[in-house]
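The values are calculated or read from the model by the stated rules, or taken from the named source; none is laboratory data. Because the structure is predicted, anything quoted here is derived from the model rather than measured. Cβ coordinates were reconstructed from backbone atoms using ideal geometry, including for glycine residues, and neighbour counts include every protein chain displayed. Surface areas here come from the heavy atoms of the whole protein model, side chains and all, with no ligands, DNA or RNA. Shrake-Rupley method; radii C 1.70, N 1.55, O 1.52, S 1.80 Å.
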Amino acid sequence: MNALELHSICKSYGAHRALENISLVVPTGSRTVIVGPSGSGKTTLLRMIAGFEFPDRGCVTLNGQTLVDDTHEVPAHQRQIGYVPQDGALFPHMTVAANIGFGLTSKGRRKHERIAVLMDSVALDANMANRWPHELSGGQQQRVALARALAQQPRLMLLDEPFSALDTGLRASMRKLVARLLADAGVTTILVTHDQSEALSFADQLAVMRDGQLVQSGHPLDLYRYPGDEQTALFLGDAVVMPARIEAGWAHCDLGRIPVNNHRNNRCAQIMLRPEQLQLVGIVPNAVESSGCRGVVSERDFSGNTCTLIVELEALPDTDQPGRSLMVRSTGLYAPPAGSAVHVSALGHAHVLNEP
Ligand code: ADP
Ligand code: MG
């Protein structure tokens, strides 16, 4: 069953079209991530779902109830939607406990107990109840904001860049904690972020936004492997894009013959491989190389567990064009040094991109 359905949402500010014809279905209990560069319309879309903005056109339903259409607007406070804005927006003059208990209708001991349960669920120590927001770290403030939103027992939770203020290590652990917490609470969630690795790791449905449009949605692994176009491919990670001739399920390109996942025969197209699909081996005299191409490592960027290499391929015979440069991702410890002669081949399928 679908929790949230957006149909053809449009919103302009003056001449600027912030959202153009957005349609999206969010299954009940899922974690949907909307990822897009800054200014692509993510916050505007969340505010529209929450009821702080209204579309010029389009329709929003939640659990079958119409929240917005041409004739009808349910105000934000009647939607039962939890919204954690980008900065967390805690009330600075209230303690942690008062922030979390802000919208609770229970009183006295019951309220106190409910706040304690909520604090525990977001892994906040009980002795923080009387602290002020400015006495908390960024991660703790985010957890208070989340507990305050969960206190309302929302039908849908909206999180706007919840981890952007946190440093890398804390970000990953908060992401896991929040994902587990929301799964345990069974709350359907939409998270927006401009961070692609965060999006890929948190989502079970990913939607990519660009310039107010939703350009592609699906399972994160499918979007990473099968992006519609080069821009989406490069937005979701590093990519090796090169021209090829597609014939009978194979791409003929500078790396030789690579199987393709989508057959569009007898035409020239751009194909995409992820750098981790490229394999390097040292050149062995008299070895028989069935596919791939020879090259030389020109750059090596060591970053611990991985190493990013640039390999200059040999020019193809009968051309005066220089060989192509390829980005290759290798394990950090065993990457060949700059200057090594290598043989490059591709693992798995290449993906044929759509024309821009
Ligand atoms: P994101 O969250 O993806 O960074 P936003 O949704 O905040 O993007 O903004 C999308 C676009 O809409 C931006 O160009 C922004 O300047 C514009 N915008 C957002 N809200 C308003 C507003 N209230 N008035 C005018 N322009 C706005
Ligand atoms: Mg934003």
Filter pass, residue 203 being under 10 Å from the mean Cα position of the chain (by Cα) and within 16 Å of ligand 1 (Cβ to nearest atom): no
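Hand me the list of helices (runs of 4 or more DSSP H) wholly inside region 109-213 holding 2 or more residues that are at pLDDT 90 or above.
Qualifying helices (runs of 4 or more DSSP H): 138-150, 196-202.
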Region 3-43, subset of a type in the set (Ser, Thr, Tyr), more than 25 Å from residue 237 (Cα to Cα) and outside any loop (DSSP other than H, G, I, E, B), residue nearest to ligand 2 (Cβ to nearest atom): 13
Region 1-13: number of residues that are modelled with pLDDT under 95 and open to solvent by 30 Å² or more (accessible area, probe 1.4 Å): 2
Residue in region 216-224 that is touching a residue at least 40 places away in the same chain (Cβ under 8 Å), open to solvent by 10 Å² or more (accessible area, probe 1.4 Å) and among the charged types (D, E, K, R) present: no
Answer from 229, 195 - the residue that is acidic (Asp, Glu), open to solvent by less than 60 Å² (accessible area, probe 1.4 Å) and more than 16 Å from ligand 1 (Cβ to nearest atom): 229
Residue match in region 168-188 (condition: within 16 Å of ligand 1 (Cβ to nearest atom), among the aliphatic types (A, V, I, L, M) and surrounded by 16 or more Cβ atoms within 10 Å (Cβ to Cβ)): no
Tabulated pairs, region 67-82, first closer than 27 Å to residue 104 by Cβ and in the same structural domain as residue 100 (by TED's automatic domain parsing), second polar (S, T, N, Q) and surrounded by 10 or more Cβ atoms within 10 Å (Cβ to Cβ), C-beta under 7 angstrom, 6+ apart or interchain: 67/61; 80/152; 82/152
Of all residues making up region 322-356, the number that are loosely packed, with under 12 Cβ neighbours inside 10 Å and either modelled with pLDDT of 90 or more or aliphatic (A, V, I, L, M) (or both): 4
Boolean, residue 317 is assigned to a strand (DSSP E or B) and either open to solvent by 80 Å² or more (accessible area, probe 1.4 Å) or under 22 Å from residue 352 (Cα atoms) (or both): no
Some residue of region 35-53 being away from ligand 1 (no atom under 16 Å from the Cβ), of a type in the set (A, V, I, L, M, F, W, C) and open to solvent by less than 50 Å² (accessible area, probe 1.4 Å): no
Selection from region 41-60 of residues that are in contact (Cβ under 8 Å) with a residue 60 or more places away in the chain and out of contact with any Leu (no Cβ under 9 Å at 6 or more places or on another chain): 42, 43
Single residue of region 54-90 satisfying the filter (of a type in the set (S, T, N, Q) and closer than 20 Å to residue 21 by Cα) that is surrounded by the fewest Cβ atoms within 10 Å (Cβ to Cβ): 71
